[in-house]
Amino acid sequence: MVSVHNLNWNDKILSWYNIIPQYPLISFKSELLPALIEWQRGKGQTTFNCQVSINLADDEQLMRMMIDTGFDIVFIGIETPNEDTLIECGKKHNKNRNLIEDVKRIHRAGLQVEGGFIVGFDNDMHSVFQQQIDFIQKSGIVMAVVGMLQALPGTKLPKRLRQENRVLGQISWNSIDGGTNIIPAMSLDVLREGYKNILHHIYSPKHYYHRLKTFFREYNPQKTETPQNFGYILALFRSIYHVGIIGKERFHYWNFLLWTCLNYPKLFPLAIRLAIYGHHFHKVCELHIFKNSSLPTKYLKNNSGIIHDYTDRLFERPQVVTQNRIQNGD
């Protein structure tokens, strides 16, 4: 961390894989977080993100400590709102909970939730696609990572599916290509079309900006961004041009920025950032999911960091490498 900080990289430099079970909770609270707080003194701007379980919502003290440390985003594997499917995929700690209220509780604490969702489980009915859409919209999860179920080698799922002759081939490590290596219980065509419909809905400008408002109504950051450098000013003008003038979503963009100024002015820098994210998400979906050949081929490069590629150029910040995520089926 010291070496990275010395390079003047102050934005989200760490990512853990589900930090709560990885560390004994008492050690995480009593050792790691206090050490990070101490390390932050005099450094000021470094922020962190990590993967956690939904039961983070039960621990207000832990959320406060994480915020004091500099955490601002947490990734949570929601997977599905279907209780039977949660049993199937081994997400017992997601069962018997009000998952939407849990997400909102984390937002109110000052942490932004990124959510992971999977479709294609054996218990999934055709209604699961609309259920996923409804959950994402109502929860206010802005950045929703949706994928089709894949059987990861070394887990229980591929062994069972091979016995049923339902393994298609190698897994796809690309989290946005709409691929799967299994034959689902529902038809593959239904799964693919349902998957496309989810992404088409949640990243269409109308529904994306509606979800931003849902998020802002709940979000209570303990610290807000204060633009003090030329990069943010440049990002604002670039977003005005790319999204507010030539973008197809310009009406929703201006409506959201005006609404933010009137209701949550302190969140205006975040509003600009998320508007640019939405613009990029929509373009990525058009190219990778809907195969719109009119988009430039530069969006095909660097699949692991594609969510950040466009926004990094607009904000002129270092690129952050993200992890692809595959449901292991345990």
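In this Cβ point-charge picture (+1 for Lys and Arg, -1 for Asp and Glu), the stretch 101-220 has a dipole of about 220 debye about its Cα centre.
Farthest toward the positive end of the dipole of the stretch 25-153, out of Ser53, Val146, Asn96, is the Cα of Ser53, where the dipole comes from beta carbon charges about the Cα centre.
Here the label points at Thr155 and Asn123, each 7 Å from Cα along the C-beta direction, are separated by 1.5 nm in the simple model.
Residue-wise HN-Hα couplings along the stretch 210-216, as the Karplus relation 6.51 cos²θ - 1.76 cosθ + 1.60 with θ = phi - 60° gives them from phi, are 5, 5, 4, 5, 4, 5, 5 Hz; Gly and Pro carry x. Estimated from the Cβ-Cβ distance and a Förster radius of 41 angstrom, the FRET efficiency linking Asn255 and Arg64 is about 0.75. Taking a Cβ cut-off of under 14 Å around Asn220, the surrounding Lys, Arg, Asp and Glu residues balance to a net charge of +4, with basic ones at +1 and acidic ones at -1.
For the stretch 55-91, backbone nitrogen atoms closer than 20 Å to the point 7 Å from Arg217 Cα along Cα-to-C-beta are found at no residue. Shown in residue order for the stretch 75-84 are the 3J(HN,Hα) couplings computed by the Karplus curve 6.51 cos²θ - 1.76 cosθ + 1.60 at θ = phi - 60°: 9, 10, x, 6, 6, 6, x, 7, 4, 4 Hz (x for Gly and Pro). On the beta carbon distance between Asp134 and Glu38, with R0 = 30 Å, the FRET formula returns roughly 0.10.
Ranking Pro221, His282, Gly244 by how far each Cα lies toward the positive end of the dipole of the stretch 203-282 (charges on Cβ) leaves His282 at the top.
Database remark: amide H of Gln150 closer than 5 angstrom to the amide H of Gln327 (H placed geometrically; neighbours at sequence offset of 5 or more, or on other chains; Pro and chain starts carry no H).
Throughout, read-outs are computed from the coordinates displayed, never taken from laboratory work. It should be emphasised that the depicted structure is a prediction, and the values quoted were computed from it without experimental measurement. Don't worry about glycine lacking a Cβ; one is built from the backbone with ideal geometry, like all the others, and counts go over all protein chains shown.
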